[in-house]
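Rule-based calculations on the coordinates, nothing more; no lab input. Only a predicted model underlies this, so the values are computations on that prediction, with no experimental measurement involved. In this analysis, Cβ positions are derived from the backbone assuming ideal geometry, glycine residues included, and neighbour counts consider all displayed protein chains.
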Amino acid sequence: MALIKSISGIRGTMGGKVGEGLNPLDTVKFVSAYASFIRENVKNGSNTIVVGRDARISGKMMEQLVIGTLMGMGFDVVNIGLATTPTTELAVAMEQACGGIILTASHNPKQWNALKLLNDKGEFLNAKEGEEVLQLAEAEDFNYAHIDHIGKVTEKDYTDRHIQAVLDLSLVDVESIKAADFEVSIDCVNSVGGIVLPKLLKALGVNKINELYCTPNGEFPHNPEPLPEHLKDISVMMKTTSSDVGFVVDPDVDRLAIICENGDMFGEEYTLVAVADYVLKHTPGNTVSNLSSSRALRDVTRKYEGCEYYAAAVGEVNVTTKMKDVDAVIGGEGNGGIIYPDSHYGRDALVGIALFLSHLAFEKKKVSEIRASYPQYYIAKQKVELTPSIDVDAILNAVKEKYSQYDVTDIDGVKIDFPDKWVHLRKSNTEPIIRVYSEAHSMKEAEEIGGEVMAVIKELAK
């Protein structure tokens, strides 16, 4: 059993003893803490909290626990039921609510669930706010409502409103998509994507849709993280149909993987690169991704005059904060997360699909040809295991000093930017290891430069 408490939310497995997973008593405690935080910190005049969930098996149970607890804390609830993470984020803003809770463990297997916590803008809590919620949960000093002040619940469906919001975006070219007469294959891993993606595609004028795993029953047919090794079935579908493009989403539909017409992977790092290329062509501006995302976004951004790329610490809230700071027109993460401020400050696969199809219609090329037009990079992911007694921070500082002749960034671990490659070191918050991500123009080079820095770490650790 596992329970992971972090600033971005509470994640755990179902079953076992109290405190060993995200079980009923644990759920009530953390929701009570969040409600206490909202009561003290959000003063927008609303007493409403939005609740949405993905289709995983534990979702209905969790929904009832969360809604009942919020009502017991005196909050009214708008329950939007089966809904994507970005749908719930938009619903908070549209309802002018004081907060929102998304019940999803994102790409984790079916035994997991989580409470993702939103502020009154429909955005994730920042580090300070998340820490305050955890402290309130630890204290367990909650003040529940008296009988005349318990909350009420209203049920609404926000899927169509989300789709309409996507269609209303100025860079979503519905007419060109219709005219292109695309055939599209989709893999929705038997979660809420199976509800929303077919509706979105039809609204965009796509009439030929090949559906794979679109029954929202929470029975994931493969590992739900949209990585190449998990997407063999849709790759076969692409080769056995006349599909122009394939789209794969995770259970809560905030990450987007693209499949080329020949069944090859477009690459999760390149989802953001391609969408950013389209956005920058029409609305030049700045871009942002996290330190562990591909340099390809920087390269594509700098193709456009007056446009600059900026890096943020790892974590969606850090990316959105940096985007606001530099007034970015597009940003996101290399895991297929598209954040488009003209829509909202949250990763949104629906927005990603609509913008990519507009890009595809505009370019009049095959998906594989578009992919080949971008700089080719490879990312290697390794780690160095250390003993618990070793001062990891001291080692990172020593590495920073050793490579000081290069461009070094230390806002999140240590990232060393060499002229044609980079290495990013981050310490784990849960175990004595340093994660080593490296990128170069070949996997061999990426592994070699990562290995070189790992050797330095091991020498320093002696």
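Counting 0.36 nm for each residue step from Asn207 to Lys462 and taking away their Cα separation leaves a gain of 85.6 nm.
Hydrodynamic radius of region 120-195 by the Kirkwood approach over all distinct alpha-carbon pairs: 18.1 Å.
Averaging 1/r across all pairs of distinct Cα atoms in region 257-401 and inverting the result yields a Kirkwood radius of 16.2 Å.
Rank the residues Ile457, Ile150, Ile80, Ile370 as a footprinting-exposure proxy: fewest other Cβ atoms within 10 Å of their Cβ go first.
Ile150, Ile457, Ile370, Ile80
Summary of packing: across the peptides 185-195, 262-272, the per-residue average of other C-beta atoms within 10 Å ranks them, highest first, as 185-195, 262-272. Among beta bridges from DSSP that stay inside region 162-372, the antiparallel ones total about 35%. The value of relative contact order for the chain, using C-alpha pairs under 8 Å at least six residues apart, is 12 percent.
Extension gain for Phe362 to Phe418 (0.36 nm times residue separation, less C-alpha to C-alpha distance): 16.7 nm.
Extension gain for Val18 to Ala145 (0.36 nm times residue separation, less C-alpha to C-alpha distance): 43.3 nm. Per residue, the Cα convex hull of region 378-460 amounts to 80 Å³. By the count of other C-beta atoms within 10 Å, a proxy for reagent exposure, Tyr144, Tyr403 are ordered fewest to most as Tyr144, Tyr403.
Can you give the % of DSSP beta bridges in the chain that are antiparallel, to the nearest 5?
60
Legend: calculated FRET efficiency, Glu183 to Asp160, from the Cβ-Cβ distance at R0 = 30 Å, rounded to 0.05, equals 0.80. By the count of other C-beta atoms within 10 Å, a proxy for reagent exposure, Glu20, Glu333, Glu305 are ordered fewest to most as Glu305, Glu20, Glu333.
Taken over region 162-372, the alpha-carbon convex hull comes to 105 cubic angstrom per residue.
Straight-line cross-link partners of Lys199 among the lysines, defined as a Cα under 27 Å from its Cα and at least 8 positions apart when in the same chain: Lys60, Lys110, Lys116, Lys121, Lys156, Lys178, Lys208, Lys232, Lys239, Lys364, Lys365, Lys366.
Less than 5 angstrom separates the built amide H of Thr241 from none of the residues sequence-distant by 5 or more or on a different chain.
Under 1.5 on a/c is rounded, so check that first for region 3-157, then, if it is not, pick prolate when a/b is larger than b/c and oblate when it is not; a ≥ b ≥ c are the square roots of the alpha carbon gyration tensor eigenvalues. Here region 3-157 falls in the rounded category. Using Cα positions and a limit of under 19 Å, work out the lysines in reach of Lys462, with same-chain residues fewer than 8 apart set aside. Leaving aside lysines fewer than 8 places away in the same chain, those within reach of Lys462 are Lys383, Lys400, Lys402, Lys427.
FRET efficiency for the pair Lys303 and Tyr406, taken as 1/(1 + (r/R0)^6) with r the Cβ-Cβ distance and R0 = 30 Å, rounds to 0.80.
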